[in-house]
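Down below is the structure, laid out as structure tokens.
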Amino acid sequence: MGHTLIEKIIGKKVGHEVKPGDIVTVDVDWCMIDDIMAPFAVQKFHEMGFSKVYNPDKIVLIYDHFLPATQVDDSRHFRVADEFAEKYGIKSVHRTDGICHQLMTEAGYVKPGDIAFGTDSHTVTYGCVGAFSTGIGYTEMAGILGTGQLWIKVPETIKVEIDGTLSGNVTSKDIILRIIGDLTASGATYQAIEFTGSTVDSMSVASRMTMSNMSVEAGAKCGLFAPDEKTCDYCRIPYDDEMKALRGDDNATYSKVLQYRAEDFVPVCACPSLVDNIKPVSELKGTKVNQVFLGSCTNGRLEDLRTAATILKGKHVADYVKLIVTPASRKIYREALADGTLGILSDAGAIITTPGCGLCCGRGGGILSDDEVVVATNNRNFLGRMGTSKVKIYLASPATAAATAIAGEITEA
Amino acid sequence: MFEAKIWKLGDDIDTDIILPTEYLAFDTVEKMKPYAFSPLRQDLAGMIKPGDMIVAGNNFGCGSSREQAPEVVKALGVSCIVAKSFARIFFRNAINNGLLLIEQPDLYDNVKEGEVAKVEPGKEIIVNGKSYEIANLPENLMEILDAGGLVKAMRKRNGLD
């Protein structure tokens, strides 16, 4: 009997074959703790009575949600995390480098086949390199900090096969939004998703990150891509036999198989206020917007900024529209600065902010008020997510976002 | 066995509804309490009394991994949440905080807010004389719940209690 990718990753870690439903305890390769949750994890760690961490070199602290601080108590979070790092010998502390989910692979921590847990639900992002990673609460994180282990239930897997060539204005964001619409916001709960097919094979790692990142919006425990040469280049490791074996077997058992033709995808939005309320952009034409947000761990990468810059070059955002651009990391910021992308976006009228979570989680610059409309490239359009509960959030691709910023109303690129 | 007054919420009650991001940084759960469920029902947190229960539809607790969500529900004194289904991170977080969650497919469609339920964990919920069957959690989770949450379970492991 064959195995799915998640069964192989977990099986290798525990040293025996596993099947869906098995409850196993795994050794954890990476712990990621963000600034919001750090003080709570630290408090629970001490309440539990631990006096040392299981391995300081496997723990990564990243400040991103509250950076730069917008409320007077925010800096307490940095202070508590800094003290914890100092006391327990944790060297990997990113204080101003960007969004945690971008950094965990970009800075060279998580590799294919690794198991990682983070105190943020979009920890699923590292599935883009074939790692099993998922979000947990701060109490469980405190337990891992002390023991290096966590119990998990081996999930069933939904296989998503996409073959063919995407049309020019369709991106991986449109694909994952459509899939969430088809599965619904709870359709993959407790399950893994495995993305395969020729369309996926031809995607960049950055495009795959967008899909892994949003797999949790369908309730998934993780959203996985088998590692290939592109993955290994990105992770700076050889594409050897071990890497080649990290893929779902043809005779593995899947709970469900969804098959798509790339040519059938069109630009879409997730409409207020549910991630699975998906409509084609063409049906929303004419919806006036107050603001456009390009950024986040979903779509704040260099290719996303370049896509937007191609559309915005020589043009200007509509009167009254604020276009806010937030690169996902300092590295991306520097690259986009060096190749002229940020210059084009700035000339077009964009407000370019420091890398971080900011607006996506409703803490940073660009908070909206009652009855305002925003088209945003991030991952959640929940009530009150980016301001008051009467803000209307449409989630879209960078291409749709850029075209919308120019027109001042929802527009297909 | 306990009796509890029902507060009824819908499908996909996400963690941003249970506790919006702007209140996550309060240093105590006590300070967060008034803002629970505020994007959806501003006055709900003030009306929930210790011992009351929440009945909801599918996918309760979807969204972020913020553990403040189950902590604030627990702090309001909610005795249990009965839903058609729960999102997975919320599910783990709730158990780790000693908050009882019960999956039951039929209760939601058959009860009204304000009605009183008799709950016998692992066996049944009775509302208006009608019984709804409920199962126990898996053994490893019952151990955490019985210990009073993961912190207490870990303290025991570390020889402190």
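Which residues, taken from segment A:276-330, are surrounded by 21 or more Cβ atoms within 10 Å (Cβ to Cβ) and among the hydroxyl-bearing types (Ser, Thr, Tyr)?
Those that are surrounded by 21 or more Cβ atoms within 10 Å (Cβ to Cβ) and among the hydroxyl-bearing types (Ser, Thr, Tyr): A:SER296, A:THR298, A:THR307, A:THR326, A:SER329.
Please list, ordered by residue number, the helices (runs of 4 or more DSSP H) wholly in segment A:1-120 having 3 or more residues that are within 16 Å of A:MET141 (Cβ to Cβ).
A:38-47, A:75-88, A:100-106
Name the helices (runs of 4 or more DSSP H) wholly within segment B:1-94 that hold at least 3 residues that are buried (at least 24 other Cβ atoms within 10 Å of the Cβ)?
B:15-18, B:68-75
If you scan segment A:367-413, which residues turn out to be away from every other protein chain (no Cβ under 14 Å), assigned to a loop (DSSP other than H, G, I, E, B) and touching a helix residue (DSSP H, G or I) at 6+ places or on another chain (Cβ under 6 Å)?
Result: A:THR377, A:SER397, A:ILE410, A:THR411, A:GLU412, A:ALA413.
Tell me the residue from A:ILE175, A:ILE144, A:ILE180 that is within 13 Å of another protein chain (Cβ to nearest Cβ), of a type in the set (A, V, I, L, M, F, W, C), farther than 29 Å from B:ALA153 by Cα and part of a helix (DSSP H, G or I), please.
A:ILE180
Tell me, which residue of segment A:127-155 that is within 19 Å of A:ALA206 (Cα to Cα) and touching a helix residue (DSSP H, G or I) at 6+ places or on another chain (Cβ under 6 Å) is surrounded by the most Cβ atoms within 10 Å (Cβ to Cβ)?
Top of the filtered list is A:GLY127.
Regarding segment A:322-331, can at least one residue be identified that is in a helix (DSSP H, G or I), modelled with pLDDT under 95 and under 18 Å from A:HIS101 (Cα atoms)?
no
Would you check which residues across segment B:104-146 are free of Cβ contacts under 8 Å to residues at least 12 places away in the same chain and basic (Lys, Arg) and list them?
B:LYS123
Quick one: how many residues across segment A:118-137 are in contact with a strand residue (DSSP E or B) (Cβ under 8 Å, 6 or more places away or on another chain) and within 7 Å of another protein chain (Cβ to nearest Cβ)?
Qualifying residue count for the region: 5.
Of everything in segment A:68-102 that's at the interface with another protein chain (Cβ under 10 Å from one of its Cβ atoms) and acidic (Asp, Glu), which residue is farthest from A:VAL205 (Cα to Cα)?
A:ASP73
The values are calculated or read from the model by the stated rules, or taken from the named source; none is laboratory data. These figures come from a predicted structure and were not determined experimentally. Glycine also receives a Cβ, built like all others from the backbone with ideal geometry; neighbour counts cover every protein chain displayed.
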